[in-house]
Amino acid sequence: MNTTSRPLRLSLSNVGEYLVQQKQKLPFYMNSIRTIKEVAEYSNNNYLFEITVSRSGIQKRYFLKQSQQYNKRSAQLRKPITIPPARILGEIHLINRLEQLWGRTTVPHIFFYDTKNFVFLMSDIKAKGKYLIDEFAKHRVHPEIGKTLGRYLGRLHATSYRPHGTCGINPDYQRFMLRFFYNKHWGYGARKFFPSRMVGSFYREVNKVPATIIWGDPVYRNIFIRGKERIGCIDFDHAVLYDPMHDLGVLTAHWVWMWIKGNTKLKYDSEKFLTSCTASYWRQWNKQPKLTAKEQTAMRERLLQWIGIYLLSRTDGRSGSYFKPWPAWEKRIRQLGIQLFKGGENTLTARLKKLLSVV
């Protein structure tokens, strides 16, 4: 089917034929393909197809993902951002790693991958799950998952601290993402409110800290609620070697903005999540002998700045927001983000430090 050296570009018109041609490489027998549809919701960077197949009379659902040259959303907006498609190789490596660390029911299982065309076929872990982003819209912040999320994220970071080699991450993509984090992603929001030299100084220092493998995009559209304390996690194509506080900051920031909304129940539940998540996270680091007390102190301080950067990126009107519409308390989110990034101290930041086990 692909007779050139260029990767095949999959679409609804050819993805079925592609999968049929790969059926001998699958670890299961596929009788036929029943349905194929492209996934549009929350699928911004890659091309994702939901495929239902018949296996011995039983219908099973899978997801086939391809990384192409352009960011999907930017291409749709006719402002294409070129991204190394080899980013998917790091995602494959990380998913396989997380299956061992977090369990097969928490992350998708990869049945097949094609490194030439930057494609992999994975299991469906979304079944009967609820998007956390949709739960937030209903004011359900699920404090019961805090301990689990903290343990999972801490386990990933602590076990990959100061890694040897690239951990499957493409070097070109690693360099791309370090620039992207500053120029296009969260750094853009911070530069709306602080001098570029101040934001640039923070990012340069971050690039020097001991790295771990990071998820890169632990946002609430990539997390499912699957029952009491049970979660599912997807979308790991931002995986690079980077500051672990990036992950923890982005994750916890979601509960921080709900915490300051003012609703008593939301505030209580958000505090409960933040306390259990960070306590569980730091316990995983206690098992890492390479981490010094000085390094851990620096990590906790950077956590506050990463939360601040993420809060600002979600209120700048450009770098992306899943607020629909903008929240009425957006001004408070921005004010807290400014205080956290610049290291300001007030009653709110002092309380947050205690919740996050920073003091």
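Every number in this text was worked out from the coordinates using simple rules, so none of it is lab data. A quick note: this is a predicted structure, and the numbers were derived from the prediction, not measured. For neighbour counting, all protein chains shown are included, and Cβ atoms are generated from backbone atoms with ideal geometry for every residue, glycine included.
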For segment 61-69, take each phi angle, set θ = phi - 60°, evaluate the Karplus expression 6.51 cos²θ - 1.76 cosθ + 1.60, and give the result in whole Hz per residue in order, putting x for glycine and proline.
10, 9, 10, 10, 10, 10, 9, 10, 5
Segment 260-275 - phi-based ³J(HN,Hα) in whole Hz, Karplus 6.51/-1.76/1.60, Gly and Pro as x
8, 5, x, 5, 4, 5, 4, 4, 5, 5, 5, 4, 4, 5, 4, 5
Under 5 Å from the placed amide H of residue 240, counting only residues 5+ away or on other chains, we find 214
Any residue on another chain or 5+ positions along whose placed amide H is under 5 Å from the amide H of residue 83 is listed here as 70, 71
When only C-alpha pairs under 8 Å and at least 6 residues apart count, what is the relative contact order of segment 54-195, in percent?
25
Report, in degrees rounded to the nearest 10, the 0 to 90 angle that the Cα long axis of helix 87-102 makes with the longest principal axis of the chain.
70
So, relative contact order of the chain in percent, Cα under 8 Å, 6 or more apart, is 16
Eligible lysines near residue 287 by straight Cα distance, threshold 20 Å, same-chain separation 8 or greater
147
Alpha-carbon centroid distance for the pair segment 115-173 / segment 77-104, whole angstrom:
10
Sum -39500 (n - 2.57) across every DSSP H segment of at least 4 residues in the chain, then divide by the residue count to get the 222 nm mean residue ellipticity, nearest 500.
-14000 deg cm²/dmol
Around residue 197, what is the net charge, scoring Lys/Arg as +1 and Asp/Glu as -1 over all other residues with Cβ under 15 Å from its Cβ?
+3
What is the mean projected area of the alpha carbon convex hull for segment 118-246, to one decimal in square nanometres?
9.7
Cross-link list 261/354; 130/354; 37/126: which exceed 20 angstrom alpha carbon to alpha carbon?
130/354
Ranked highest first by average number of other Cβ atoms within 10 Å, how do 292-298, 181-187, 19-25 line up?
181-187, 19-25, 292-298
Helix 330-342 sits at what angle to the longest principal axis of the chain, using alpha carbons and giving 0 to 90 degrees rounded to 10?
70
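Which value in Å does the Kirkwood hydrodynamic radius of segment 224-273 take, with 1/r averaged over all unlike C-alpha pairs and then inverted?
One over the average 1/r among Cα pairs gives 12.9 Å for segment 224-273.
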What angle do you read, to the nearest 10 degrees and between 0 and 90, between the alpha-carbon axis of helix 244-259 and the longest principal axis of the chain?
70
Sequence-distant or interchain residues sharing an amide H contact under 5 Å with residue 167, placed H: which?
none
Heads up, segment 130-355 by the C-alpha gyration tensor (a ≥ b ≥ c square roots of eigenvalues; a/c under 1.5 rounded, else a/b over b/c prolate, else oblate) looks rounded
Under 11 Å, Cβ to Cβ, from residue 148 - net charge with Lys/Arg +1 and Asp/Glu -1
+4
Hey, got the Cα dimensions of segment 15-123 along the principal axes, in Å, largest first?
45, 32, 26
